[in-house]
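Below is one structure, written out as structure tokens; comments come after it.
The values are calculated or read from the model by the stated rules, or taken from the named source; none is laboratory data. Every value quoted in this text rests on a predicted model; they were computed, and no experiment measured them. Neighbour counts are summed over all protein chains in view; Cβ atoms, including those assigned to glycine, are modelled from backbone coordinates with ideal geometry.
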Amino acid sequence: MNFGAIGAVIGHELTHGFDDSGSQFDAQGNLRNWWTPKDREQFDKLEGCFVKEYDSFVAVDDVHVRGQLTLGENTADNGGLRIADMALLDVLGNAPQKSIDGFTPEQRLFVGWGQIWCENERPEFARMMAGVNEHSPGKFRVNGVVGNMPEFQKAYSCKPDAPMVRKPACRVW
Ligand SMILES: [Zn+2]
């Protein structure tokens with residue numbers, strides 16, 4: 001559970017050091033872009049998938065999530081949970097995977113990710129946040145990310161046409 005919660009948040013922050021925002025600062029923390037034009041071009045190409053995907057999510061009523069506004073954070077969420085999953089598998093090694101309350105370790109990682117973004121908000125607030133918050137609504141921080149992960153599909157034995165299996169699955173990290 002902790003790998004999927006604080007572990008994924010730490011992973012999220014780590015990716016910021018290497019994304020469009022981290023690319024502006026060199027290893028000494030000086031404001032100096034260290035990406036080549038080719039790096040930028042390839043990054044932008046992969047990110048286009050996230051823009052389209054998150055644009056398709058409905059925040060409230062007729063208001064959609066803004067894929068461009070939330071792009072950096074969505075990319076970090078997607079990379080962060082993947083890093084956390086890799087860390088979990090690394091720690092587990094070849095040890096037998098013990099289920100707790102009927103959930104395997106990897107299933108619990110995804111439950112942990114779901115739990116940290118639980119929220120309850122009025123439609124008016126959701127509408128306002130969709131316009132100004134560079135983070136996606138909690139529901140899509142969860143469903144948007146796990147739908148892109150074959151790891152999730154495998155952990156929960158989702159059929160290829162299940163609603164939580166995105167096609168195409170977007171990935172930067
Ligand atoms: Zn972030």
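Looking only at the range 55-62, decide whether some residue is among the acidic types (Asp, Glu), closer than 16 Å to Gly144 by Cβ and in contact (Cβ under 8 Å) with a residue 12 or more places away in the chain.
The answer is yes; a qualifying residue exists.
Which residue is farthest from Ala5 (Cα to Cα), if the candidates are limited to the range 130-158 and must be β-branched (Val, Ile, Thr) and within 16 Å of the ligand (Cβ to nearest atom)?
The residue in question is Val132.
Out of the residues in the range 111-129 that are touching a helix residue (DSSP H, G or I) at 6+ places or on another chain (Cβ under 6 Å) and closer than 13 Å to Ala5 by Cα, which is surrounded by the fewest Cβ atoms within 10 Å (Cβ to Cβ)?
For the range 111-129, the residue satisfying everything is Ile116.
Filter the range 43-84 down to the residues that are within 16 Å of the ligand (Cβ to nearest atom) and among the basic types (Lys, Arg), then identify the one that is farthest from Ile10 (Cα to Cα).
Looking at residues that are within 16 Å of the ligand (Cβ to nearest atom) and among the basic types (Lys, Arg), I get Arg66.
Sort out which residues of the range 1-42 are away from the ligand (no atom under 16 Å from the Cβ) and in contact (Cβ under 8 Å) with a residue 12 or more places away in the chain, and write them in order of number.
Of everything in the range 1-42, those that are away from the ligand (no atom under 16 Å from the Cβ) and in contact (Cβ under 8 Å) with a residue 12 or more places away in the chain turn out to be Met1, Asn2, Phe3, Gly4, Trp35, Asp39, Arg40.
Pairs needed: first member in the range 147-160, modelled with pLDDT under 95; second member anywhere, of a type outside the set (Phe, Trp, Tyr); C-beta distance under 9 Å; at least 6 residues apart or different chains.
Listed pairs, sorted by first residue: Pro160/Gln153; Pro160/Lys167.
Which condition from (1) modelled with pLDDT under 95; (2) within 21 Å of Val172 (Cβ to Cβ) is the one that Phe50 breaks?
In the conditions (1) modelled with pLDDT under 95; (2) within 21 Å of Val172 (Cβ to Cβ), Phe50 misses (1) alone.
What's the number of the only condition in (1) touching a residue at least 12 places away in the same chain (Cβ under 8 Å); (2) part of a loop (DSSP other than H, G, I, E, B) that Lys167 fails to meet?
That leaves (1) as the condition not met.
Of all residues being of a type in the set (A, V, I, L, M, F, W, C) and within 15 Å of the chain's Cα centre (by Cα) in the range 70-104, which is surrounded by the most Cβ atoms within 10 Å (Cβ to Cβ)? Just the residue, please.
Step by step, filter the range 70-104, then rank; the result is Leu81.
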